[in-house]
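Below: one structure, written as structure tokens.
The values are calculated or read from the model by the stated rules, or taken from the named source; none is laboratory data. Everything quoted here is computed from the prediction, not taken from an experiment. FYI the Cβ positions are ideal-geometry reconstructions off the backbone, even for glycines, and counts take in every protein chain you see. Just the protein is used for accessible areas: all its heavy atoms, side chains included, with ligands, DNA and RNA removed. Shrake-Rupley method; radii C 1.70, N 1.55, O 1.52, S 1.80 Å.
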Amino acid sequence: LQEISIDYHPTPTTGCNKVMSSAQGFELLRSNWPDDLYVRERFYALYLNRGNKVLGVSLISVGGMSATIADVRLIFATGLKCLASSIILAHNHPSGRKQASASDIALTKKITEAGKILDILVMDHLIVTPEYDYFSFADEGLL
């Protein structure tokens, strides 16, 4: 049985170790994102403690130009292992489309419902574009 690994960043390169807004979450995740935003989709989870301090960032999946798989079990297995109280989800749209698709909304709802059972709050889901702009589910009232 293989252990789940967590990539910890106790002192993020942005200088922010506490996330209080979508902009701070975006900046922290952006510092971890490779330069291939326009080529392939990636899905990340940012894990936070009860005080919104960063416990770690985990790359959940890497896909192709139009999709990636976000396995709810992997997202929460890591969250449980690092004793997260909340998470911020993020993925990119290589097309540059900033708006959430119907499948993005459905996936976010599924992950949010799973989080309620485990008492891990989904604080936000960010969609990142190649221009390093973002869409926040929380800011748009979709959570």
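Of all lysines in the structure, the ones whose alpha carbon falls short of 24 Å from that of LYS116, not counting any fewer than 8 places away in one chain, are LYS18, LYS53, LYS81.
Segment 56-98 and segment 100-116 have Cα centres lying 12 Å from one another. Partners of LYS98 within straight-line reach, counting aspartates and glutamates whose Cα lies under 19 Å from its Cα and excluding those fewer than 8 residues away in the same chain: GLU27, ASP35, ASP36, GLU41, ASP124, GLU131, ASP133, ASP139, GLU140. Based on protein heavy atoms only, the chain ends up with 53 Å² per residue of surface accessible to a 1.4 Å probe. Within the chain, the longest run free of exposed loop sites, counting chymotrypsin sites (Phe, Trp or Tyr not before Pro) that sit outside DSSP helix and strand states (H, G, I, E, B) and have at most 14 other Cβ atoms within 10 Å, spans 39-131.
Residues of the chain were split at every exposed loop site, defined as GluC sites (Glu not before Pro) in a DSSP loop with at most 14 other C-beta atoms within 10 angstrom, and the longest piece left, sites excluded, is 4-130. The share of alpha-carbon pairs in the chain lying farther apart than 18 Å comes to 51%. Each peptide in 114-125, 83-94 receives the mean, over its residues, of other Cβ atoms within 10 Å, and ordering these scores from highest gives 83-94, 114-125.
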